[in-house]
Amino acid sequence: MTMLFPIDEYDARVKRVREQMAARNLDVLIIDQSEFLAYLTGFLISENMYRACLLPRDGEPVMILRAVDLGPFSDSSWLQRSVAFADWEDPIEVLADTVRSLGCATGRVGLDEDSYCMPLSRFKHLSAQLPDAKFVDFSGVMALLRARKSAREIAVLRRAAAIGDLGIDAALKAAGEGRSARDAAAAVYQVFMQEGADAARAGIITAGVGNAFLHGGLTNQPLAKGDVLHMELLPYIDGYSARLMRSAVIGDLDPRRSQLARRLIEIQDRQFEAMKPGAAAADLDALARDAMLADGLRPDYPNITGYSLGCYPAHTPRTSDFSRVFLPNVDWKLEEGMVFHMYVSADGIALSETVLVTTTGYECLTRAPRQVFRV
């Protein structure tokens, strides 16, 4: 077995899910989104064909998957029961047959109505297969249960954060006048592979220009003096991701940019100091957003100032967890064990950290020097 966590970790997760099932009087729950499957089963699987885990109110969970995936499933998951289908079979029919075999065909069947794996056409097909079932919405519940990280999850995120710090150092050594963002990315990939990170993603490495550069593309264009290299690294370990942003100016760092960087760090430090259990997310957002706007660092600030981190396998369409975001109009509070990617940006400069909410405050898991670099 190559499970990421010991069995008691998964037992605790199943117990929490079943408590929520009991509150909704569910007989069985369909779990099909990649990140939720990984959380509950330990199996990081893509959706080349539909697959799902059936969690009954009592008894063992059952994994429904392609026969070709049985080997990796057995190696990485704690589940003992599975139903494998051939590639010419209809997975929804297999799912419905398994629900019937569990005695739940006329029961209350939970599913996540926000699931990207259950589009309307697929749900209609499932409903036709189980006409006497009562489908109950379970949307948002799994995201809520994953919000607070266990000590073991935090340990994995610490490892990912440390790899990110090494990646920043490697990118800076590979950057400079006449070199491209791709050159820096190549150095990051090498470090990530050497240090044990997942292979799928290195991050967003692009030119820092204006205020809308955070999701820019990788380019081959040589960097010139005065250009800004933006680096948002996404080190993953078994799907668990830490994040950090840093900026590097090619050539001399002019006083204006130096002052901007100092002010962004000051603003973010104030935000971090207020992060503790019970703090309102909207208040924390205001500490960064309002200060940047009041100082005229940006004409507007339409994006969030932070979001949840956790397990997001490479094949999920969601590279970030927006179940908990920092915005002016949100109504939720921080809890111990939550982990966030917190960031500020203005005029081509961006800084961010992976931040853990502790018993009394916060801890930055990423440790790369907090500055704008000159290369």
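Overview of results
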item	result
Any hit, region 337-349, residues being open to solvent by 40 Å² or more (accessible area, probe 1.4 Å) and closer than 16 Å to Lys149 by Cα	no
Filter result (outside any loop (DSSP other than H, G, I, E, B) and under 13 Å from Tyr343 (Cβ atoms)) within region 292-306	Met292, Gly306
Hits in region 14-39 - residues which are farther than 20 Å from Phe135 by Cα and touching a helix residue (DSSP H, G or I) at 6+ places or on another chain (Cβ under 6 Å)	Arg16
Ile267 outside any helix (DSSP H, G or I) and either of a type in the set (A, V, I, L, M) or open to solvent by 60 Å² or more (accessible area, probe 1.4 Å) (or both)	no
Criterion: within 22 Å of Asp238 (Cβ to Cβ), surrounded by fewer than 20 Cβ atoms within 10 Å (Cβ to Cβ) and among the basic types (Lys, Arg) - qualifying residue of Arg152, Arg182, Arg146	Arg152
Lone qualifier among Arg318, Arg370, Arg374 - being in contact (Cβ under 8 Å) with a residue 60 or more places away in the chain, of a type in the set (Lys, Arg) and within 17 Å of Tyr240 (Cβ to Cβ)	Arg318
Residue that is farthest from Pro277 (Cα to Cα), among those in region 325-349 that are assigned to a strand (DSSP E or B) and modelled with pLDDT of 95 or more	Val344
Of all residues in region 310-324 being in a loop (DSSP other than H, G, I, E, B) and of a type in the set (Gly, Ala, Ser), the one that is nearest to Arg201 (Cα to Cα)	Ala314
Flag for Gly103 being open to solvent by less than 20 Å² (accessible area, probe 1.4 Å), assigned to a loop (DSSP other than H, G, I, E, B) and on the phi > 0 side of the Ramachandran plot	no
Selection status of Gln259, open to solvent by 60 Å² or more (accessible area, probe 1.4 Å) and either in contact with a His (Cβ under 7 Å, 6 or more places away or on another chain) or assigned to a helix (DSSP H, G or I) (or both)	yes
Search result, residues across region 219-278 that are among the charged types (D, E, K, R) and within 30 Å of Ala155 (Cα to Cα)	Glu232, Asp238, Arg243, Arg246, Glu266, Asp269, Arg270, Glu273, Lys276
Pick from region 286-319, criterion crowded, with 18+ Cβ neighbours inside 10 Å and hydroxyl-bearing (Ser, Thr, Tyr), ranking: nearest to the chain's Cα centre (by Cα)	Tyr312
Failed item in (1) open to solvent by 20 Å² or more (accessible area, probe 1.4 Å); (2) more than 18 Å from Arg51 (Cα to Cα); (3) touching a Lys or Arg at 6+ places or on another chain (Cβ under 9 Å), with Val141 passing the rest	(1)
Where a residue in region 104-124 is touching a residue at least 24 places away in the same chain (Cβ under 8 Å) and of a type outside the set (A, V, I, L, M, F, W, C) and its partner, wherever it lies, is assigned to a loop (DSSP other than H, G, I, E, B) and loosely packed, with under 13 Cβ neighbours inside 10 Å, with Cβ under 7 Å and at least six apart	Thr106/Asp132; Arg108/Asn25; Asp112/Ser139; Glu113/Ser139; Asp114/Ser139; Tyr116/Pro317
Search result, residues across region 129-145 that are under 23 Å from Leu334 (Cβ atoms) and either of a type in the set (Lys, Arg) or without any contact (Cβ under 8 Å) to a residue 60 or more places away in the chain (or both)	Ser139
Residues that are open to solvent by less than 20 Å² (accessible area, probe 1.4 Å) and under 23 Å from the mean Cα position of the chain (by Cα), drawn from region 211-233	Phe213, His230, Met231, Glu232, Leu233
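The values are calculated or read from the model by the stated rules, or taken from the named source; none is laboratory data. Predicted model, so just to flag it, every value in this text is computed and none were measured. Quick reminder, even Gly has a Cβ in these numbers, built from the backbone with ideal geometry, and neighbours come from all protein chains shown. SASA here: full protein model, heavy atoms, side chains in, ligands and nucleic acids out. Shrake-Rupley method; radii C 1.70, N 1.55, O 1.52, S 1.80 Å.
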